[in-house]
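K.L.:
Structure below; questions to follow.
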Amino acid sequence: IKVVLTRVVSQEQSQRMQSMCESARSRVDDLLGLLSKSKMLSILYAMNCDPAPMRFSEIKQRVDSSSTTVTRRLAELEDNGLVTRTAYATVPATVEYALTKDAISLQPSLESMFEWVLNRADNFVGN
């Protein structure tokens, strides 16, 4: 009975996973494509370490990248609803960036992915 029950549960899990995958596969691919861009994870990590909004220069300094790359990545994060950009009418202009609730909710998944890689460092193909 235990083997049959396990097999039924496995089939149900498999069907549920297949259904989820079919409906979300292209969006997951899009998200992974976004996250795999140069300095993207570094920017998310830097912004996650400090819950307060950050200025551009602070983000740039923490990720040690060019202004062009940081500007592009922040714009892509904003376009995808992961970062908000707030411009203040000051001289010189002050702009702050903050993670959205969606970006904050993504963090545990990113941490799990990093843990998975670290736990398999010797076997991981990316080594």
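K.L.:
Shape of the range 49-97 from its Cα gyration tensor (a ≥ b ≥ c, root eigenvalues): rounded if a/c is under 1.5, otherwise prolate when a/b > b/c, or oblate?
P.N.:
Verdict is rounded for the range 49-97.
K.L.:
Taking all protein chains as present, what is the carbon and sulfur share of the accessible area of the chain, in % to the nearest whole number, probe 1.4 Å?
P.N.:
Within the chain, the accessible surface is 54 percent carbon and sulfur.
K.L.:
Under a 1.4 Å probe, what is the accessible area of the range 40-127 per residue, stated in Å²?
P.N.:
That works out to 67 Å² for each residue.
K.L.:
Once you charge only the Cβ atoms, +1 for Lys and Arg and -1 for Asp and Glu, what is the size of the charge dipole of the range 40-92 about its Cα centre, to the nearest 20 debye?
P.N.:
Dipole size: approximately 100 debye.
K.L.:
Same structure again: Restricting things to alpha carbons, find the Rg to Rh ratio for the range 31-127 using the Kirkwood radius for Rh.
P.N.:
My calculation puts Rg/Rh at 1.02.
K.L.:
Okay, moving on. Say we join alpha carbon atoms closer than 10 Å with springs in a Gaussian network model of the chain; which of S67, S57, S112 then has the biggest fluctuation?
P.N.:
Largest GNM mean-square fluctuation: S112.
The values are calculated or read from the model by the stated rules, or taken from the named source; none is laboratory data. Everything numeric in this text was worked out from a predicted model, so none of it was measured. Cβ: placed from backbone, ideal geometry, glycine included. Neighbour counts: every protein chain shown. Areas reflect the complete protein model, heavy atoms only, side chains present, ligands, DNA and RNA absent. Shrake-Rupley method; radii C 1.70, N 1.55, O 1.52, S 1.80 Å.
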